[in-house]
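The values are calculated or read from the model by the stated rules, or taken from the named source; none is laboratory data. Keep in mind that this is a model prediction, so the values were computed, not measured. Because the Cβ atoms are built from the backbone with ideal geometry, glycine has one as well, and the counts that use them run over all protein chains shown.
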Amino acid sequence: MALLEIKNLHTAVKGKEILKGLNLKVNAGEVHAIMGPNGSGKSTLTQGIAGREGYEITQGEVLFEGKNLLELEAEERARAGIFLGFQYPIEIPGVGNTYFLKTALNAIRKEQGLSEVDAMEFLQLIKEKMKLLEMDEKFLKRNVNEGFSGGEKKRNEILQMLVLEPKLCLLDETDSGLDIDSLKIVASGVNSLRNSDRAMVLVTHYQRLLDYIEPDFVHVLKDGQIIHSGDKELAYHLEEKGYGWVLEGKAS
Amino acid sequence: MTEFYQKEFQKFQQGVQEAWLKPIQEKAFASFENMGFPTTQQEAWKYTSVKAIAEQNFILPNAGSASAASQNHDQAQALLENSFALVFINGIFQPQLSRCNDLPAGVTILPLSQAMIQDEKAVQQAFVKSSENKDAQEKAFVAWNQAFAQEGAWIHLKKNALLDRPLELIYFSLSNGHAQVAHPRNFIVLESGAKLQVIESYRGMAGENAYLNNSVTDFHVGENAQLKHYRVQEEAANAFHIASLNIVQERHSQVESHNIALGAAMARLELEARLQASGADCSLHGLYFTRDQQHIDNQTSIDHAVPHCTSREFYKGILDDASQAVFNGRILVRPDAQKTVSELSNRNLLLSKKAVINTKPLLEIFADDVKCAHGATTGRLDESQVFYLRSRGIDPQWARNLLTYAFAAESLESIELTVLQEKLKQVLLERLNLKESALLGESLAQ
């Protein structure tokens, strides 16, 4: 059974159809990269899987571990093991980063029938993960993403992912806005989570990210459909020749 | 209303010992009678109806009711451990619950009833002055207070006197048997260079009948004096609270006033700060949080009468259920008040479709060389923030409560008195069902 299976998915946003019959199958242990021109529906796909309201599924189905994902609310999807790394992480003034992440972790642990972690255990855990991402401990005392630089926000997303240990990681343009050093750190954070039980879907514009997080599959999303799939070599060809090359059918 | 209150007034006057006070109160009662209760036809009361008050006959509390109430003195106790405190139950002074011993030199803290004996001349002057004030002639509730005033706080800090610990004025109310009204009257004077932190708090327990607190508080803040004022209104859910707060500021005086309004079925505060000498600085901070059918009205006015004064006002409101709030914030810059720097903002968060806010920030500027800004916003919770929290597994209601708390807590951050800030945060956390409050208090604030 696939971890995530998307069948003929049609999604409309504000009445406009964005995804037009998308199919994708992601097995545990795999890393998929989704590339495609602006406006092709990449973010609609990830936000839709995460359960954002306003993304209307008009047709098709999404199965997570064989169960209908579309019946679940956003928080239920998160507790089931789906994590979305936002392209533009949201700032939440007045809510401390530590408190936020501890609440999230305990909500997920509760779902899994695990006991809550207390403040001391949590602090130990988060400090360990922050070290991995070379994040300063001052971020513990800051409000969620408030006043963070673009790169700091992206690291904070990965930090959350490391703490929450989801089964399916959806990373929406996690590489955008990162300099090369930050990119390497973020990638090593992501790679540290790779294992045979977990899958990742990376949405990106650039092949650069895939130098550091090697995908098993690369898909080209265009006009709401996956029009081409291949292995990591496909990303190099895309980088070199652009999407037009696929569109013209020369990829085969 | 007249016949009932006429009788009440006659009865009341028989107990007034001070010959000088009688004519003042007679005059005030006549004004009250003439004006009657305000109606929504009057511009200043357009959005706040006092019909529910006008339709009832509120009796004055008697000592018996207060002593019965003092059984519940847990709630009537001071908030802080080492503060000075004057405690009143149903408007009646409670010496056994109060703490005003070992005062520093130059500081007087007395219940008004006591001051009328010990400090009669000064109290008389204060009453005469207040009866000459237009408020007692133009505002029905102020006149009503003046007519029946017999108790309150009499605070005087002499030149350079410093009260090293906060002073709490606690008005605890509970009604038993009858609808009751108390008319707290507070006179607070800081002579030049004096410093005071004062918490004015109103709490109550809902009984079968509603009670009304109709309070008037006057501050005079002398040259270079510093006042920090915290007003915490947590009246019982079925109570009425009407208050008038006047602040007069002299040269280079500094006032910071925080007004937290959480309780009462209907509450209104009219706050006026008059900056009447150069260099005066005034900060007004407010937070109101209404739910159910509550109605909270804040009328504020900062009057820049002279050049080179600064003021700022930040009021925030949260409205839930079918509650209503009114904010009327006025900054008046008179023709002489050149070089005034002032800003005013009112931000409202609506949690329910049925909640209604009427907000009107108003700048009236008659001088040309000033820097003034004002604005008001009204909005709902940011859905992208809610989704972000939910996408991490956080319960949606919890997410909403957390974001609401964050909105409210920001306005408490400026409260320097940490103990009070923490207590108020706890009140908000409880109201928002955010458990784990100990942890929240710690890490949310960071």
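If you scan the range B:403-416, which residues turn out to be among the charged types (D, E, K, R) and more than 10 Å from every other protein chain (Cβ to nearest Cβ)?
Answer for the range B:403-416, where residues must be among the charged types (D, E, K, R) and more than 10 Å from every other protein chain (Cβ to nearest Cβ): just B:416.
Quick grid of which residues meet (1) within 14 Å of chain B (Cβ to nearest Cβ); (2) on the phi < 0 side of the Ramachandran plot; (3) crowded, with 18+ Cβ neighbours inside 10 Å; (4) in contact with a His (Cβ under 9 Å, 6 or more places away or on another chain):
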position: A:124; (1), (2), (3), (4): no, yes, no, no
position: A:129; (1), (2), (3), (4): no, yes, yes, no
position: A:136; (1), (2), (3), (4): no, yes, no, no
position: A:139; (1), (2), (3), (4): yes, yes, yes, no
position: A:145; (1), (2), (3), (4): yes, no, yes, no
position: A:157; (1), (2), (3), (4): yes, yes, yes, no
position: A:167; (1), (2), (3), (4): yes, yes, no, no
Hey, can you tell me all the residues within the range B:173-204 that are of a type in the set (A, V, I, L, M, F, W, C) and in contact with a Leu (Cβ under 9 Å, 6 or more places away or on another chain)? B:179, B:181, B:182, B:187, B:188, B:189, B:190, B:194, B:196, B:198, B:199
Considering only the range A:66-112, state which residues are under 18 Å from residue A:46 (Cβ atoms), more than 8 Å from every other protein chain (Cβ to nearest Cβ) and among the acidic types (Asp, Glu). A:76
Among the residues of the range B:36-51, what is the count of those that are at pLDDT below 95 and among the hydrophobic types (A, V, I, L, M, F, W, C)? 1
Subset of the range B:389-425 [crowded, with 23+ Cβ neighbours inside 10 Å and more than 34 Å from the chain's Cα centre (by Cα)]: B:389, B:390, B:391, B:392, B:393, B:394
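Which strands (runs of 3 or more DSSP E) does the range B:225-279 wholly contain that include 2 or more residues that are touching a Leu at 6+ places or on another chain (Cβ under 6 Å)?
Those strands (runs of 3 or more DSSP E) span B:226-234, B:240-249, B:254-261.
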The range A:169-186 - residue that is without any contact (Cβ under 8 Å) to a residue 40 or more places away in the chain and more than 30 Å from residue A:63 (Cα to Cα) and, of those, nearest to the other protein chains (Cβ to nearest Cβ): A:177
Across the range A:197-252, what is the total count of residues that are under 21 Å from residue A:28 (Cβ atoms) and surrounded by fewer than 16 Cβ atoms within 10 Å (Cβ to Cβ)? 5
Condition first: at the interface with chain A (Cβ under 7 Å from one of its Cβ atoms) and part of a helix (DSSP H, G or I). Now tell me which residues in the range B:382-402 satisfy that. B:384, B:385, B:387, B:388, B:390, B:396, B:402
Restricted to the range A:45-65 and to residues being assigned to a helix (DSSP H, G or I) and not aliphatic (A, V, I, L, M), the residue farthest from the other protein chains (Cβ to nearest Cβ) is A:48
Output for Cβ contacts, cut-off 8 Å, separation at least six or different chains, first residue more than 13 Å from residue A:33 (Cα to Cα) in the range A:221-236, second of a type in the set (Ser, Thr, Tyr) and part of a loop (DSSP other than H, G, I, E, B), reads A:222/A:40; A:222/A:243; A:223/A:40; A:224/A:40
Only one of these conditions is not met by residue B:138: (1) crowded, with 20+ Cβ neighbours inside 10 Å; (2) modelled with pLDDT under 95. Which number is it? (1)
